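Comments concern the structure below.
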């Protein structure tokens, strides 16, 4: 079934394996951020940066092999676009980790429970995205995975409102200066944006699926 839709060449198979590695690296980065937010280990924030570098190397390999001639021409742009979409998730993960280094922990503790919930959902969504990609390569049904990701993303939207409400009513948050407030706002925005990007990537898997029919 795989060979019928993706081709039987070694280059195609190698690209698909590299994409799985890329998505697994993304999941490792979401898990790393979750541990950082749970344990409040500032030093561990650099693991996200290291994983982003690893993913960037994989991305270059994937794009290079695709333009070497892997897959039929009409599939190549969609695969490249899928990788570029997921790359945005790494950007937000890195921004979130960076801002956490300068986040006042006494304020963070007021929204810690909600932040960990979001980080946990990001991990779950990433794992479902991998299952979605595997379903795509086997021509299995993507609908269930796509729906699960959409449900999770809606949960993140609800939690974002809870975080905003807590910060709005926080006496500590009201006392911060402009730059501290900017850091808090960017941290929260980056954290919740990860799920948006994963949902976008899931939608693009569906577009890829349609292009193979």
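Bear in mind that the values in this text are calculations on the coordinates, not laboratory data. Source: prediction; values computed, not measured. Glycine gets a Cβ as well: all are built from the backbone with ideal geometry, and neighbour counts include every protein chain shown.
A few remarks follow.
- Angle between the chain longest axis and helix 178-211 axis [Cα atoms, degrees, rounded to 10]: 20
- Volume per residue of the C-alpha convex hull in the chain, rounded to whole Å³: 102
- Between 0 and 90°, nearest 10: helix 46-67 axis offset from the chain longest Cα axis: 20
- Angle between the chain longest axis and helix 10-39 axis [Cα atoms, degrees, rounded to 10]: 10
- Modelled label positions at residue 189 and residue 14, each set 7 Å beyond Cα in the direction of Cβ, lie 4.1 nm from each other.
- Treating r as the C-beta distance of residue 207 and residue 42 and R0 as 45 Å, the FRET efficiency rounds to 0.70.
- Separation in nanometres of the label points that stand 7 Å from Cα toward Cβ, at residue 113 and residue 164: 2.1
- Counting neighbouring Cβ atoms within 10 Å and putting the fewest first, the residues 126, 80 line up as 80, 126.
- Helix-only [θ]222 nm of the chain, DSSP H runs n ≥ 4, -39500 (n - 2.57) each, per residue, nearest 500: -29500 deg cm²/dmol
- Protection-proxy order for peptides 145-154, 65-74, 186-195, 15-24, each taking the mean of Cβ atoms within 10 Å per residue, highest first: 186-195, 15-24, 145-154, 65-74
- Most to least packed among 33-39, 160-166 [average Cβ atoms within 10 Å]: 33-39, 160-166
- With the simple model of a label 7 Å out from the Cα in the direction of the Cβ, residue 177 to residue 61 spans 4.5 nm.
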